[in-house]
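Each remark here refers to the structure printed beneath this line.
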Amino acid sequence: MNDLQTKREADRAQANREELTQRIAQAIRTDGAKEPLKGLHFYRSSSPSECFHSVSIPAFCVIAQGSKEVLLGSDRYQYDPMHYLLGTVELPIASRILEATQEKPYLGLRFDLDPTLVGSAMVEAGYPSAQRGASVKAIDVSPLDVDLLDAVVRLVRLINSPAEAHVLAPLIKREIIYRLLLGEQGARLRQIAVLGGYTHHIAKAVDRLRKDFNQPIRIESIARELGMSVSGFHHHFKSVTAMSPLQFQKQLRLQEARRLMLGQNLDATSVAYRVGYDDASHFNREYKRLFGVPPMRDVERLREAVRETASSI
C-alpha cells in the first residue's frame, strides 16, 4: 500500500470513528445502556468506573470514545477506539472504564455473537473448523481495521431506519462476522461454532459449572464426561478461561451472592449457604478478597451509588 492509499485509509477510519461517536451519543444521551437493535447494545458513562463484575457472553465489542479494561483471571485486556475485543465463552470477568469525562463520555457498543450465525457464515466462506484438539483463550484484543469499522458504522446507521434494518441488519451482521473470521482472531471466533476441539469441551464444562455453581465441584466426573484426563481438563480449562475450575466456580458463587444480597435483601450468612459455602466466615473472607470490602458494606455502597444516580437524573 502506497502513502496515498495509507492516508486515504486513515482518513476513512477517522471519519468512521467520528460518525460512530456522534451516532452513539445521539442514541444514548444519559449514562447507562440501551439495545437499539436486537443483539446490539450501546453504553455511555461520563466518568471512569470501579471494577464491575459480571458474566460475559460471546460478543464483539467496539469503543467509539474512551477506553476500557477487562480482567479475566490474572489476565488484563485494555482496548480503545483503535482496537476491538472479542469474547467467545461465557465467563466471570471484571471490567472498568478507564477514560471518560462529562465533555467526552465513554461510548461503546457490544454486538452479541449468535453461534448459529457464526457457523453459517463460516461454512459459506469456506472456512474449515478449528483444528481438533486446539485450545484458544476465550478473550483477546486486536486492532480494528477500516473495513470492519465501516461495517460497524453501517449497522449503527440502521437504528434510525427500522424498515431498512429489518432487511439490511442481518446482512451487515453477517459481514461483520465474515470480516472477524478474516482477521487475526478468526480462529477464536471459529471456536464458537466448532463441534471438535477442546474449546468446545471447555464451553460445555463452563455451562455445567454455571448451572451447578452451588454444588460441590467434581473434576474427575466432569473430565470423564468430556473424555479428558483430569490433568488435561485442568490444562485446557485454564488456557481458555485463565482460571482453574475451582477459581471459576468461586467467582460465579460470589457474583451470585452479591446479586442476591442486592436484589433480595438477604443477609450474608443466608446467602453464603445458598450459593454453596459451608462456612460463613470463609465466604466473608473470599467475598472481601474479590470485591475489596465485606459483603454487607459492599451492598450498602452499591445501593448508595444507585440512590445517588437516581437523585441526579
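Go through the range 60-87 and count every residue that is farther than 12 Å from residue 140 by Cβ and touching a residue at least 24 places away in the same chain (Cβ under 8 Å). The number of residues fulfilling the criteria is 13.
Considering only the range 70-86, state which residues are outside any loop (DSSP other than H, G, I, E, B), buried (at least 16 other Cβ atoms within 10 Å of the Cβ) and not β-branched (Val, Ile, Thr).
First, pick out the residues of the range 70-86 that are outside any loop (DSSP other than H, G, I, E, B): 70-72, 75-79, 83-86.
With the extra rule that they be buried (at least 16 other Cβ atoms within 10 Å of the Cβ), the set shrinks to 70-72, 77, 79, 83-86.
71, 72, 77, 79, 83, 84, 85, 86 - these are the residues of the range 70-86 that are outside any loop (DSSP other than H, G, I, E, B), buried (at least 16 other Cβ atoms within 10 Å of the Cβ) and not β-branched (Val, Ile, Thr).
Return the residue satisfying two criteria in turn: it lies in the range 9-44 and is closer than 28 Å to residue 253 by Cβ and touching a residue at least 24 places away in the same chain (Cβ under 8 Å), and of such residues it is surrounded by the most Cβ atoms within 10 Å (Cβ to Cβ). Step by step, filter the range 9-44, then rank; the result is 43. The residues in the range 253-284 that are modelled with pLDDT under 90, hydrophobic (A, V, I, L, M, F, W, C) and either assigned to a loop (DSSP other than H, G, I, E, B) or within 15 Å of residue 93 (Cα to Cα) (or both) can be counted, and the count is 1. The residue that is nearest to residue 215 (Cα to Cα), among those in the range 238-248 that are under 18 Å from the mean Cα position of the chain (by Cα) and assigned to a helix (DSSP H, G or I), is 248.
Can you pull out the residues in the range 88-115 that are over 15 Å from residue 41 (Cα atoms), in contact with a strand residue (DSSP E or B) (Cβ under 7 Å, 6 or more places away or on another chain) and either in a strand (DSSP E or B) or modelled with pLDDT of 95 or more (or both)? I'd like the intermediate steps shown before the answer.
Just the residues of the range 88-115 that are over 15 Å from residue 41 (Cα atoms), to begin with: 88-105, 115.
Then keep just the ones that are in contact with a strand residue (DSSP E or B) (Cβ under 7 Å, 6 or more places away or on another chain); that gives 90-100, 104-105.
Once the filter is applied, which keeps residues that are over 15 Å from residue 41 (Cα atoms), in contact with a strand residue (DSSP E or B) (Cβ under 7 Å, 6 or more places away or on another chain) and either in a strand (DSSP E or B) or modelled with pLDDT of 95 or more (or both), the range 88-115 yields 92, 93, 94, 95, 96, 97, 98, 99, 100, 104, 105.
Of the strands (runs of 3 or more DSSP E) that lie entirely inside the range 8-59, those containing 2 or more residues that are touching a strand residue (DSSP E or B) at 6+ places or on another chain (Cβ under 6 Å) and of a type outside the set (A, V, I, L, M, F, W, C) span 32-37, 40-45.
Given the criteria part of a helix (DSSP H, G or I), at pLDDT 95 or above and assigned by TED's automatic domain parsing to the domain that holds residue 78, does residue 167 qualify? The answer is no for residue 167.
The values are calculated or read from the model by the stated rules, or taken from the named source; none is laboratory data. Just so we're clear, the structure is a prediction, and the values are computed from it rather than from any experiment. For neighbour counting, all protein chains shown are included, and Cβ atoms are generated from backbone atoms with ideal geometry for every residue, glycine included.
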